[in-house]
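The values are calculated or read from the model by the stated rules, or taken from the named source; none is laboratory data. In this text the structure is predicted, and so the values were computed from the model without any measurement. Cβ placement follows ideal geometry from the backbone for every residue including glycine, while neighbour counts extend to all protein chains displayed.
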């Protein structure tokens, strides 16, 4: 392609135009046009339908319970809980050793037990291996061990203190659960948390930890259970 350049003068693009000699004078509209303008209305008027009006509902107030924050005392209660758990495990190991020599038929079963509100130990027969007679025998033997009974009650109390010091939403979140003397026996089986298992045995692994037992059997904390906890302890409500 060839490009040719001419030396001819090109007028600049910003050349000024000469002003017009014509004079503009305002002219009043005709009487008919003025009357039409005065009578003019809106082009359209919107009338919402009844269905559209029913979609507008009054605002609703939703009161959401958040709960307490974790107590500064929680680490102390958690340390106390760990100590109580170690003492209970030692007492249970000693009881199992004695049971194996005095009642091997009972020792061979996968029995469970818990602490009731009055401090007595209750046999749990989740596997259905015991029967009524053996449940009675084992109940007598469990409650006959003063060391085991005392340690189980101390563990229950330490669990309650730790969850009460916890929060439903912050820190360890242990306050998400409500644990009391009355519901402890409904939620917690102590035996699976105290036995020693082969690492490859994953049978009923959810029963081997307090937090997992609480997760599927425990009572969830509510505004009512929190208020009852404060009243039980004689504490004032926060916030």
Original post:
For the stretch 209-223, which residues satisfy the criterion of being in contact (Cβ under 8 Å) with a residue 60 or more places away in the chain and surrounded by fewer than 20 Cβ atoms within 10 Å (Cβ to Cβ)?
Top reply: 222, 223
**OP:** Could you list, in sequence order, all residues of the stretch 230-239 that are in a helix (DSSP H, G or I) and either at positive phi or touching a strand residue (DSSP E or B) at 6+ places or on another chain (Cβ under 7 Å) (or both)?
**Re:** none
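May I ask you to verify whether residue 78 is modelled with pLDDT of 95 or more and touching a helix residue (DSSP H, G or I) at 6+ places or on another chain (Cβ under 7 Å)? Before you say what the answer is, go through the steps one by one.
Details: modelled with pLDDT of 95 or more: yes; touching a helix residue (DSSP H, G or I) at 6+ places or on another chain (Cβ under 7 Å): yes.
So residue 78 fits the description; yes.
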**OP:** Give the residues of the stretch 188-224 that are within 19 Å of residue 92 (Cβ to Cβ) and touching a strand residue (DSSP E or B) at 6+ places or on another chain (Cβ under 7 Å), sorted by residue number.
**Re:** 188, 189, 190, 191, 192
Subject >> Residue pairs meeting the criteria (Cβ under 6 Å; at least 6 apart or on separate chains; first exposed (fewer than 15 other Cβ atoms within 10 Å of the Cβ), in the stretch 132-161; second assigned to a helix (DSSP H, G or I)) >> reply: 147/91
Subject >> Close pairs from the stretch 91-109: first touching a residue at least 12 places away in the same chain (Cβ under 8 Å), partner loosely packed, with under 12 Cβ neighbours inside 10 Å and assigned to a helix (DSSP H, G or I), Cβ under 8 Å, at least 6 apart >> reply: none
Subject >> Selection within the stretch 181-208 - outside any helix (DSSP H, G or I), under 19 Å from residue 116 (Cα atoms) and free of Cβ contacts under 8 Å to residues at least 40 places away in the same chain >> reply: 183
